[in-house]
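The values are calculated or read from the model by the stated rules, or taken from the named source; none is laboratory data. Everything numeric here is computed off the predicted structure, so don't read it as measured data. So basically every Cβ, Gly included, is an ideal-geometry build from the backbone, and we count neighbours across all protein chains shown. All accessible areas refer to the heavy atoms of the entire protein, side chains included, with ligands and DNA or RNA removed. Shrake-Rupley method; radii C 1.70, N 1.55, O 1.52, S 1.80 Å.
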Amino acid sequence: MNFLGLCVVLASLSPSFALYFHIGETERKCFIEEIPADTTVVVNYKVEVYDPRSNGFMPSGSEIGMHVEVKDGDGKLILSRVYSHEGRISFTSQSPGEHVICLYSNTTKWIGGTQLRVHLDIQVGEHAIDYANVAQREKLTELQLRMRQLLDQVQQIAKEQNYQRFREEKFRDTSESTNRGVFWWSLSQLVILVTMGIWQMRHLKSFFEAKKLV
């Protein structure tokens, strides 16, 4: 039970945040999420348009939609689609790493435009699962649903641990590559200095011999 309790606490630290931001109709906003491999991500958003009459933001309606792009840690485009002013986007990461999620309106204006307020909620891992829908679809009891949640949380913890190992290996490879570069650069400088020293000694010897000083 202590192990399961620890799993629940750790899993509650999984990335999940909700916010809103302001952009112009022609602006682009991107977010970076560190996501393990084989992890479900759900993005909920809603767009509102600034209303100068009320000095507030109102629902945008169907005239403005959002173009959503998602790239994985290797820069590969895994999602690019135009959605309506309010929607729910879901995708599963194929590889671990920093995923870039970008949103911008589908307006055709070149300059300026109306100010938009975008409400954004990104849920990763088991936070992206609708357990009420799962319980209804699979006809699970409360105890079975709770066990399902615990199993999903344990799996998510394992994925997070694998991702941390992936980051550690990547950092080690980068450090080793940097160390090799520093070593060869230092060795190259040493070879150049020794070569220049030998050349100067020979040139100086030739000068003294020409002047009959030795």
With the requirement that a residue be free of Cβ contacts under 8 Å to residues at least 60 places away in the same chain, under 21 Å from PHE166 (Cβ atoms) and charged (D, E, K, R), what does the range 66-99 give you?
LYS71, ASP72, ASP74, LYS76
Could we say that VAL47 is surrounded by 13 or more Cβ atoms within 10 Å (Cβ to Cβ), in contact with a His (Cβ under 9 Å, 6 or more places away or on another chain) and modelled with pLDDT under 90 here?
yes
Suppose we keep only residues that are assigned to a loop (DSSP other than H, G, I, E, B) and under 30 Å from PHE166 (Cα atoms) within the range 24-47. Which one would you say is nearest to the chain's Cα centre (by Cα)?
PRO36
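Just to be sure, is GLN161 buried (at least 16 other Cβ atoms within 10 Å of the Cβ), part of a helix (DSSP H, G or I) and within 24 Å of the chain's Cα centre (by Cα)? Steps first, answer last, please.
Details: buried (at least 16 other Cβ atoms within 10 Å of the Cβ): no; part of a helix (DSSP H, G or I): yes; within 24 Å of the chain's Cα centre (by Cα): yes.
Here the answer is no, as GLN161 does not meet what is asked.
Of these, PRO96, PRO52, which one is open to solvent by 20 Å² or more (accessible area, probe 1.4 Å) and at pLDDT 85 or above?
On the way: PRO52 fails: at pLDDT 85 or above.
Only one candidate qualifies: PRO96.
Rundown of residues vs (1) at pLDDT 85 or above; (2) within 29 Å of GLY97 (Cα to Cα); (3) open to solvent by 40 Å² or more (accessible area, probe 1.4 Å), yes/no style:
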{"site": "TRP110", "(1), (2), (3)": "no, no, yes"}
{"site": "GLY113", "(1), (2), (3)": "no, no, yes"}
{"site": "LEU116", "(1), (2), (3)": "yes, no, no"}
{"site": "LEU120", "(1), (2), (3)": "yes, yes, no"}
{"site": "HIS127", "(1), (2), (3)": "no, yes, yes"}
{"site": "ALA132", "(1), (2), (3)": "no, no, yes"}
{"site": "ARG137", "(1), (2), (3)": "no, no, yes"}
{"site": "GLN155", "(1), (2), (3)": "no, yes, yes"}
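Would you confirm whether any residue within the range 160-172 is of a type in the set (A, V, I, L, M, F, W, C), closer than 30 Å to ASP72 by Cα, in contact (Cβ under 8 Å) with a residue 40 or more places away in the chain and out of contact with any Cys (no Cβ under 9 Å at 6 or more places or on another chain)?
Narrowing the range 160-172 to residues of a type in the set (A, V, I, L, M, F, W, C): 166, 171.
Then drop every residue that is not closer than 30 Å to ASP72 by Cα, which leaves 166, 171.
Now drop any that are not in contact (Cβ under 8 Å) with a residue 40 or more places away in the chain, which leaves 166.
Next, only the ones that are out of contact with any Cys (no Cβ under 9 Å at 6 or more places or on another chain) stay: 166.
Yes, that holds for at least one residue.
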